[in-house]
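Asks: A single structure is presented below for examination.
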Amino acid sequence: MTEEPVADVDALAAWSAIAARVEHGESVPFIAHGKQVGYIVPVGELERLQETIAVLSDPDTIADLRDRTSEDQLAGVEALHELLAARRSAGKR
């Protein structure tokens, strides 16, 4: 993530440059009234963050992950997706 913020006034004048930075995978801080109020982030990054939040906010999934033995570890993102899908279809989330 970049630490080169863009002020709200500058953002209007430089929107295409900001969009280009985001298209190339950069997250750009947004400043309003002298305070950082958010980030403009690439869609893929937002989706990854939302997925992480979903996993970490599901206490049953976290407990299940903690309870796994070394022989029973999840292997890869797809296995985690399957675990979450199974929990959702079982009405656990």
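Asks: Roughly how many nanometres apart are two label points built 7 Å out from the Cα toward the Cβ at residue 17 and residue 67?
Replies: Placing both labels 7 Å along Cα→Cβ, they lie 5.5 nm apart.
Asks: Another one. If amide hydrogens are placed 1.01 Å from N in the peptide plane, which non-local residues have theirs closer than 5 Å to the one on residue 39?
Replies: 30
Every number here is computed from the coordinates shown, using simple stated rules; none is lab data. Note that this is a predicted model, so its numbers are computed, not measured. Methodologically, a virtual Cβ is constructed for each residue, glycine included, from the backbone with ideal geometry; neighbour enumeration extends over all protein chains shown.
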